[in-house]
1. Does Lys147 satisfy being within 23 Å of Arg38 (Cα to Cα) and more than 17 Å from the chain's Cα centre (by Cα)?
2. Sort out which residues of segment 78-103 are touching a strand residue (DSSP E or B) at 6+ places or on another chain (Cβ under 7 Å) and more than 21 Å from Ala130 (Cα to Cα), and write them in order of number.
3. I'm checking my understanding of the structure. Among residues of segment 14-32 that are outside any loop (DSSP other than H, G, I, E, B) and of a type in the set (Ser, Thr, Tyr), which one is surrounded by the most Cβ atoms within 10 Å (Cβ to Cβ)?
4. Please verify whether segment 131-147 includes one or more residues that are out of contact with any helix residue (DSSP H, G or I) (no Cβ under 7 Å at 6 or more places or on another chain), of a type in the set (D, E, K, R), part of a strand (DSSP E or B) and farther than 30 Å from Pro22 by Cβ.
5. For segment 6-13, check the following and say yes or no: at least one residue is assigned to a helix (DSSP H, G or I), modelled with pLDDT of 95 or more and farther than 28 Å from Glu137 by Cβ.
6. Identify, from the list Lys127, Lys30, the residue that is modelled with pLDDT of 95 or more and either within 19 Å of the chain's Cα centre (by Cα) or of a type outside the set (Val, Ile, Thr) (or both).
7. Suppose the filter is surrounded by fewer than 16 Cβ atoms within 10 Å (Cβ to Cβ), more than 21 Å from the chain's Cα centre (by Cα), at pLDDT below 95 and of a type in the set (A, V, I, L, M, F, W, C); does Met139 pass it?
8. Can you find even one residue in segment 64-80 that is part of a helix (DSSP H, G or I), under 19 Å from the mean Cα position of the chain (by Cα), touching a residue at least 60 places away in the same chain (Cβ under 8 Å) and surrounded by 14 or more Cβ atoms within 10 Å (Cβ to Cβ)?
Amino acid sequence: MASHDEIDQMLGQWSWASYDLPLQDMAVSKRIQRMARRLEGLAAESLEPLGLEPGEFDVLATVLRSGPPFEVTPTWLSRSLLISAAGLTKRLSRMEGRGLVSRRMDPEDRRSLLVALTDEGHALAEKAVAAHAAATERMMGALPADKRDQLAGLLRELLLGTQKGTAGSPA
């Protein structure tokens, strides 16, 4: 495996700077950005044969992982997906039109709706989760299992640190 990547090259270009830059921090953030882009591309590529866009997959997978009866509130879904209520409504309308999800009044709270997977949506969600997981596993296979565990732990620490308002990020 190459010992230098495009981020090393980019950081080397800063050697002319007379001011002190946090190059190690920049290296981490740039590599995370690049991997995020590659993971987004991987998602689109692995879902395209199933006729799904990554945003639709996110909805299906999130409702599926909620477990039986595979039904959640739009508010919970919006928070889980980190998207606006308006964005979610638009996405759900498209998916409902395709027969992948249904919406109904919550019998326990008539002011609220429930979003559920249809039989077709449930079947597609299972196929999509399997396809996406297999593609992700192939990509992550570049690292041995112990290093993947280590990386997952480090990223968890970083995320938790930024969620608590440490590491210079708002809470």
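1. On the way: within 23 Å of Arg38 (Cα to Cα): yes; more than 17 Å from the chain's Cα centre (by Cα): yes.
The answer is yes for Lys147.
2. Within segment 78-103, Leu92, Glu96, Ser102, Arg103 qualify.
3. Within segment 14-32, the first condition is being outside any loop (DSSP other than H, G, I, E, B), and the residues that meet it are 14-16, 23-32.
Next, from what is left, pick out any that are of a type in the set (Ser, Thr, Tyr): 15, 29.
Numbers: Ser15: 7, Ser29: 13.
Of everything passing the filter in segment 14-32, Ser29 is surrounded by the most Cβ atoms within 10 Å (Cβ to Cβ).
4. no
5. From segment 6-13, those assigned to a helix (DSSP H, G or I) are 6-13; that's our starting set.
The next check asks that each one be modelled with pLDDT of 95 or more; those that pass are none.
No: zero hits.
6. Numbers: Lys30 fails: modelled with pLDDT of 95 or more.
So the residue among Lys127, Lys30 that is modelled with pLDDT of 95 or more and either within 19 Å of the chain's Cα centre (by Cα) or of a type outside the set (Val, Ile, Thr) (or both) is Lys127.
7. Numbers: surrounded by fewer than 16 Cβ atoms within 10 Å (Cβ to Cβ): yes; more than 21 Å from the chain's Cα centre (by Cα): no; at pLDDT below 95: yes; of a type in the set (A, V, I, L, M, F, W, C): yes.
So Met139 fails the test.
8. yes
The values are calculated or read from the model by the stated rules, or taken from the named source; none is laboratory data. Keep in mind that what you see is a predicted model, and the values were worked out from it rather than measured. Every residue, glycine among them, receives a Cβ derived from its backbone with ideal geometry; neighbour counts consider all protein chains shown.
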